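Q: Attaching a single structure in structure tokens format; questions to follow.
The values are calculated or read from the model by the stated rules, or taken from the named source; none is laboratory data. It should be emphasised that the depicted structure is a prediction, and the values quoted were computed from it without experimental measurement. Note that each Cβ is placed from the backbone with ideal geometry, even for glycine, and that neighbours are counted across all protein chains shown. Accessible surface areas use protein heavy atoms only, side chains included; no ligands, DNA or RNA. Shrake-Rupley method; radii C 1.70, N 1.55, O 1.52, S 1.80 Å.
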Amino acid sequence: MKFFDILRTANHNLFRNKVRTALTIIAIFVGSFTIILNVAINAGVNAFIDDQTASLGGEDYLMVMSAGSANTIASSMMGGSDEPTEYDPSQKVSAMNAEEIEKLKSIDGIDGDNIYIAKQIPIEYITSDKTDKKYTINVGAMPPGDFKIGATAGHIPNNKTNEYQIMLEPGYAKALGFESDEDAIGKVVALVMLDPFTNQPMEFEAKVVGVQAQGVVAVNGSLISLALEDAMYEAGTKHYPAEQKELVYTVQTRFDTSKYTEEEIKKVLEENGFYAVGVSDMMGMIRTFFDVIMIVFGIFGGIALLAAAIGIVNTLFMSVEERTREIGLDKALGMSSSRVYAEFATEAIMLGFWGSVVGVLVAVLIGTAVNSAVHAPGGFLEVFPTFDLFKFTVGNILPIVLTVMFIAFLAGTIPAWKAAHKNPIDALRYE
């Protein structure tokens with residue numbers, strides 16, 4: 001008997017008792033539905049966290065400062081110590097000099113060619129010709145590297161252009177008088193600083209090229225192009241002594257992940273008199289928190305599948321008993337034991353297939369509807385437009401379907417073996 005003949009026969013035999021088969025499929029559906037939703041939530045959460053990690057610079061990103069600045073600066077970072085840091089008058093925010101920067105560049109594992117020194121830009125306020133209101137704002141250029149900032153509209157500023165560009169933080173577009181985030185793209189806003197000597201306003205016009213999506217970690221305020229950062233920094237420090245302009249408190253760089261883990265490179269830097277903050281510090285316990293939740297959901301799904309497996313065993317045992325005379329007749333007419341086994345094993349696999357397919361379809365429908373609902377006005381994820389609570393892909397659905405089918409096959413092994421090894425004479429006498 002060919003493979004497709006076995007499939008057709010198995011499906012036909014399954015639905016000879018429609019109620020019993022339907023109840024078994026429902027039991028499998030409950031387990032697979034729970035697990036699929038769990039995996040989809042896990043995929044959605046991890047994709048969002050990965051986006052947030054990318055917005056911080058990726059797994060190889062480091063913010064480095066002098067060891068003396070550690071308690072003062074690091075205490076404000078996300079994921080820091082659970083307890084307040086005790087005041088120590090000897091711990092001050094200390095600048096790094098040129099010699100220390102060169103020392104940092106020479107440390108093995110540190111990307112010395114990719115060190116970015118952030119400039120302090122004291123913006124007084126931002127406004128536009130669409131409103132008479134003024135808003136406080138923090139700005140900074142995006143360091144070199146593979147940053148991926150979620151956007152509700154537009155893109156991050158181009159650091160290779162001489163054009164003054166800005167990517168606004170969430171909420172600023174509407175506050176500045178634009179109808180929507182998309183409407184702000186291409187428009188001009190005014191950034192105002194005060195001359196530190198004359199106290200007169202200095203205005204810089206910047207073209208809006210993007211609006212950031214809300215995230216769970218801060219990027220760096222509103223992002224501006226390097227050309228705008230350099231111009232504003234020069235204007236704000238033109239009266240400073242040269243040595244004051246050259247003060248460096250923190251630098252941003254990357255490390256070689258093929259040589260060191262984050263903890264290892266931090267230890268190397270500490271031995272050289274530096275303190276580093278990595279992505280794991282900034283993300284804190286966010287990923288761990290969600291992982292624990294997903295494990296709990298997975299346990300519930302596993303329990304449901306175990307119950308479904310027991311249902312499969314029961315269904316097939318009853319089927320074997322009901323079809324004992326039929327099995328005896330088939331074997332008397334020459335059907336081999338292996339073929340009888342294949343038919344019943346295929347029935348078990350098809351139970352798993354139909355139960356998991358129904359689970360997938362229902363899960364995708366519900367997940368898609370929930371994604372739309374939670375992002376609608378008033379939804380609890382309205383402020384996180386890039387966060388899909390459920391993320392369905394072939395890569396996370398197909399393994400579940402195959403796993404459920406395999407579990408169903410294992411559950412059907414004993415009933416199939418019993419059917420295959422029935423004595424045809426005894427089977428024909430069965431009442």
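Q: Residues G395, G334: which one is more than 27 Å from S32 (Cβ to Cβ) and open to solvent by less than 70 Å² (accessible area, probe 1.4 Å)?
A: None of the other options fit; the residue is G334.
Q: Are there any helices (runs of 4 or more DSSP H) wholly within region 95-197 with 1 or more residues that are basic (K, R) and either open to solvent by 50 Å² or more (accessible area, probe 1.4 Å) or without any contact (Cβ under 8 Å) to a residue 12 or more places away in the chain (or both), and if so which?
A: Because the criterion is at least 1 residues that are basic (K, R) and either open to solvent by 50 Å² or more (accessible area, probe 1.4 Å) or without any contact (Cβ under 8 Å) to a residue 12 or more places away in the chain (or both), the helices (runs of 4 or more DSSP H) in region 95-197 that meet it are 98-106, 172-175.
Q: While we're here: Could you go through region 394-402 and let me know if any residue there is touching an Asp or Glu at 6+ places or on another chain (Cβ under 8 Å) and within 30 Å of Q212 (Cβ to Cβ).
A: No, that holds for no residue.
Q: Moving on. Kindly indicate the residue of region 273-301 that is loosely packed, with under 15 Cβ neighbours inside 10 Å and modelled with pLDDT of 75 or more and also nearest to A43 (Cα to Cα) among those meeting that condition.
A: I295
Q: Looking only at region 314-330, decide whether some residue is open to solvent by less than 50 Å² (accessible area, probe 1.4 Å) and over 20 Å from R8 (Cβ atoms).
A: Yes, the conditions are met somewhere in region 314-330.
Q: How many of the residues in region 316-333 are outside any helix (DSSP H, G or I) and either touching a residue at least 60 places away in the same chain (Cβ under 8 Å) or not aliphatic (A, V, I, L, M) (or both)?
A: 1
Q: Just to be sure before I move on: is G44 part of a helix (DSSP H, G or I) and either at pLDDT 75 or above or open to solvent by less than 30 Å² (accessible area, probe 1.4 Å) (or both) in the structure I sent? Outline the logic, then answer.
A: Numbers: part of a helix (DSSP H, G or I): yes; either at pLDDT 75 or above or open to solvent by less than 30 Å² (accessible area, probe 1.4 Å) (or both): yes.
So G44 fits the description; yes.
Table: residues versus (1) out of contact with any strand residue (DSSP E or B) (no Cβ under 7 Å at 6 or more places or on another chain); (2) closer than 30 Å to F274 by Cβ; (3) at pLDDT 85 or above; (4) aliphatic (A, V, I, L, M).
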{"site": "I117", "(1), (2), (3), (4)": "no, yes, no, yes"}
{"site": "P143", "(1), (2), (3), (4)": "no, yes, no, no"}
{"site": "A153", "(1), (2), (3), (4)": "no, no, yes, yes"}
{"site": "L191", "(1), (2), (3), (4)": "no, no, yes, yes"}
{"site": "L194", "(1), (2), (3), (4)": "no, no, yes, yes"}
{"site": "A213", "(1), (2), (3), (4)": "no, no, no, yes"}
